[in-house]
Amino acid sequence: MEPFLPKPPKLAERFFKFYCNEDLHEEIEGDLLERFYEHEEVYGLSVAKRKYWINVFKFFNWHTLKRKRSSPRYNGVQNNIAMFKNYFKIAFRNALKHKAYTAINLSGLVVGLTSFILIIAYVQHQLSFDNFHENISRIYRVTDGENAITPNIVAPLMERSFPDEIDETSRTIIMGSQIFNYNAEPFTANVFFADQGFFQIFTLPFLEGNAETALAAKNSIVVTRKAALKYFGKEDVMGESVILAGRTCSITGILADLPNNSMLDFEIMAPLHDLSWAVSETWSNSSYHTFVMLKDFVDAEQFEAKTETTLNKNITEAFGEGNESRIFLQPFKNIYLQSDFKMGYEIGNTSSMEYVYIFLAVAILILVIAAINYVNLATSRSVERAKEVGVRKVVGAKKSQLVNQFLSESILFVFASLMVSYGLALALLPNFDQLSGMKIDPSFFFQTDFILMLIGIAAVVSLLAGIYPALLLSGFKPVSVLKGKFSSSSKGNALRKSLVVFQFTISIFLLVATLVVNKQLNFIQHKDLGYDREQVLFFRVDSNISKNRAAFEAELLQNPQVINASLGSNNPLNVGSANGIKTGEGEGRDAYERIYFMGVDENYIDLMGMKILAGKDFKELAIAYNDTDTTGSKPSYIVNEAAIALFNWTPEEAVGQNITISGQEAPVQAVVANFHFMNLQQKIEPFVLLYYPDSYYYGLIKVGPENMAETIDFIQEKVRAFSAALPFDYQFLDTRFNNMYKFETRLKKVFLTFATIAIIIACLGMFGLISYMALNRAKEIGIRKVLGASVSNVIVLLSSDFLKIGALSLLIALPLAYYSMSTWLNDYEYRISVGIDIMAFSAMAALLIICLTIGYQALKTAMTNPSRYLRNE
């Protein structure tokens, strides 16, 4: 059996065969293949393909081109080739002759094409999320239409009920940061727990181990290659032992690093059956992402209806009538780009198809703006080239030949710009990755489809950008032109002005969008959350610290820079635990509302700076929630305003009232002001604080601003004193809060970047148009100056049309931006309004940009000696 040899790109091979002389073909192709295999062995296949393309282009020169024998037919072809060579030669000479024009035109096209290439790469990256799974079309997630999680009974019940229609099921629970110990060194890592079928559903390649058996054994774990290097210091960790939650676990599999376009984000995977509390089948434990892989022949919609009927039958048997729920099968391929709705408790970061459309529209608009610039800048030179066209027509040039000539110039400009833009986009990719927050695979730039798309777009842009100037310039009447009586049509002027209006409309829209996103982010960052997040750090704690809480906090408070210390079950920005609070009669599901809860100690409310509206805090009265079964005492309930709103109570009325949460009736001890424990896109939900000593998993410490490094070292020392095996991986609460809005922050940067690019390109177009107008009205301006017009009169004359263009652009852009950004803000429960301040600032900024753009050319034209324009009259 012959060994497998990698092959170079087919498109590159075809291009080489197309242009290469047959006498040289075999020798050069051998050299190309030899270099390709050397590069593949040293750098890998992706780099080798890229270098193969580069080498193919390097051999593209006059000596390697194909030669044909002379024949009458070939002579005609040869003449045509010579003619086209002459077109390009003239275009090149014209470009060198008018360096300023060339620089402006090329810079506009390069900026536009570079932006387009980068945005298209980003869009492709977004659309490619999770497409690498082999069975992606058959993978579904079970939801209730609102939340991505389900009770743990759902997966096994479906598997038992529909064995002929389901290939595999898996439940996944996200446990977040877990404490490990390896060779007496502690560390924390992000862990998923999943059923054995997880790796049969999802295509995640194993470097070591087997997908079918990796999670079969008890106390087994699977790690990614990246995690192995990060936590164990080596890649080959197969069979190594590590301690997790007091259990000695063996590494039974090593995964290749998760792709950049994967929504699944974990470092370590452990079997679900290791969690004794997680495997019992109940309807009350709703913390699981349930995935099913259907067989090929199964219709998802019909199966969804059957599943809902079966599950609701089981619910009715367990809880009685009136507790039924909707069941939805969500295609896994649609989860990342959720266009219709967003789920609570997502398995990973998601985006939206809406943003893909926005970025795609921005890419196209910037490209169109760049093409518009070419049209305006080309036609602005029509007066200068009018006599050239007239002379050519007099000596016999046909209109088609003139059109071909000017189209050749367009092709030269666009394809030269494309080559520069392609290289520039590759060079700027790391910066763009940082801007967008994504890691785009550079190999995408060398895919045949992408290269063909760029060539096709360049051809279309060349045609669209060059056809109007070509027809305009080739249509000049030689007699009129040579007599100096050339003038442009009003229709042409109207078209050019319309194009500039379009450019500035888009630029102003992007400017308003940037200002709105920036204002919303500022609103989020400075909004009163109902607690103080400044100078508060949090970290994981274990049972050693939890059991010795009072002593631990006392030791910390010995440092004057430690203002307060507390323990809780969650960090305040990630409270995902919820129970039911009874609000109606009976025991059906309709009688309950969801209420989130968090276990805290008596220092928590003070540390977080929460405001008690009525009642006593835990320092005055604290009855442990877990003591209710043994002591008979009712627990301490401190609820927020959203919780008492369910009963239409005032804070004073609520104190002392009995409420039932998760089956436990107890009085309301106090009411605190509403506080945000979720993203500001979500409204504040009912919340209860419980005095719950057995559920402390996080430490929270408020520190002073001075000697921060020494204070953190002191805290770490105390943590190690109470729990030597506990890693001190801390994070500040305000940092965590800002990380929640990374997407919005990046969106602001992206809008700002491309709004600036669009404005710059639009300014180049406006500069080209005023140059055109100044040349076209040169004699008129000269006559006006001879008759006594001042410099200011001429500036006003030239500027008035552009101010009208700016005003028209504002009239179109501002309402469009207002509607679009108001729609975007509707995703936030707490938001700003698109006020008059943003509109006024955008209007003033746009007019100022217009004035600065046209000011130089208008002043230059106004101060030119009129004799320059009138000396030949």
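Per-residue answers, yes or no, for (1) of a type in the set (S, T, N, Q); (2) more than 30 Å from residue 542 (Cα to Cα); (3) assigned to a loop (DSSP other than H, G, I, E, B); (4) under 25 Å from the mean Cα position of the chain (by Cα):
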site	(1), (2), (3), (4)
116	no, yes, no, yes
157	no, yes, no, no
164	no, yes, yes, no
193	no, no, no, no
Out of the residues in the stretch 330-356 that are at pLDDT 75 or above and among the acidic types (Asp, Glu), state the one that is farthest from residue 828 (Cα to Cα). 346
If residue 694 meets every condition in (1) modelled with pLDDT of 80 or more; (2) within 19 Å of residue 601 (Cα to Cα); (3) of a type in the set (Asp, Glu) apart from one, which number is that one? (1)
Of the residues in the stretch 141-172, those that are closer than 21 Å to residue 270 by Cα and polar (S, T, N, Q) come to 150, 152, 169, 170, 172
In the stretch 268-295, the residues that are at pLDDT 90 or above and outside any helix (DSSP H, G or I): 268, 269, 270, 271, 289, 290, 291, 292, 293, 294, 295
Quick one: how many residues across the stretch 801-826 are surrounded by 13 or more Cβ atoms within 10 Å (Cβ to Cβ) and among the charged types (D, E, K, R)? 1
Can you find, within the stretch 118-148, the residue that is surrounded by the fewest Cβ atoms within 10 Å (Cβ to Cβ) among those that are assigned to a loop (DSSP other than H, G, I, E, B) and in contact with a Gly (Cβ under 8 Å, 6 or more places away or on another chain)? 146
Taking the options 410, 382, name whichever one is modelled with pLDDT of 75 or more, of a type in the set (Ser, Thr, Tyr) and buried (at least 16 other Cβ atoms within 10 Å of the Cβ). 410
Residues of the stretch 91-117 that turn out to be among the small types (Gly, Ala, Ser), within 15 Å of residue 369 (Cβ to Cβ) and surrounded by fewer than 22 Cβ atoms within 10 Å (Cβ to Cβ), as a count: 1
Name the one entry in 226, 230, 218 that is of a type in the set (Lys, Arg) and assigned to a loop (DSSP other than H, G, I, E, B). 218
The stretch 389-404 residues that are under 30 Å from residue 459 (Cβ atoms) and basic (Lys, Arg), paired with ones that are part of a helix (DSSP H, G or I) and at pLDDT 70 or above (beta carbon under 7 Å, 6 or more apart): 392/402
Among the residues listed as 573, 613, 521, the single one being within 27 Å of residue 833 (Cα to Cα) and in the same structural domain as residue 679 (by TED's automatic domain parsing): 573
Please go through the stretch 833-856 and pick out each residue that is farther than 18 Å from residue 497 by Cα and surrounded by 17 or more Cβ atoms within 10 Å (Cβ to Cβ). 834, 838, 839, 842, 843
Can you tell me which residue in the stretch 38-59 is modelled with the lowest pLDDT, limited to those that are among the aromatic types (Phe, Trp, Tyr) and surrounded by 15 or more Cβ atoms within 10 Å (Cβ to Cβ)? 59
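Here is a yes/no grid of residues against (1) under 35 Å from the mean Cα position of the chain (by Cα); (2) basic (Lys, Arg); (3) at pLDDT below 90; (4) surrounded by fewer than 18 Cβ atoms within 10 Å (Cβ to Cβ):
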| residue | (1), (2), (3), (4) |
| --- | --- |
| 546 | no, no, yes, no |
| 566 | no, no, no, no |
| 572 | yes, no, yes, no |
| 577 | yes, no, yes, yes |
| 581 | no, no, yes, no |
| 584 | no, no, yes, yes |
| 589 | no, yes, yes, yes |
| 595 | yes, no, yes, no |
Kindly establish whether residue 418 is closer than 23 Å to residue 751 by Cα, within 27 Å of the chain's Cα centre (by Cα) and part of a helix (DSSP H, G or I). no
The one condition in (1) modelled with pLDDT under 90; (2) under 32 Å from the mean Cα position of the chain (by Cα) that residue 184 fails to fulfil: (2)
Please work out if residue 216 is outside the structural domain of residue 574 (by TED's automatic domain parsing) and crowded, with 18+ Cβ neighbours inside 10 Å. no
Filter the stretch 514-544 down to the residues that are of a type in the set (A, V, I, L, M) and more than 30 Å from residue 358 (Cβ to Cβ), then identify the one that is modelled with the lowest pLDDT. 541
Among the residues of the stretch 596-611, which ones are assigned to a loop (DSSP other than H, G, I, E, B) and either of a type in the set (A, V, I, L, M, F, W, C) or within 15 Å of residue 673 (Cα to Cα) (or both)? 609, 610, 611
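The values are calculated or read from the model by the stated rules, or taken from the named source; none is laboratory data. As the structure is a computational prediction, the values presented were derived from the model and not from experiment. Heads up, the Cβs are rebuilt from the backbone with ideal geometry, glycines too, and the neighbour counts pull from every protein chain shown.
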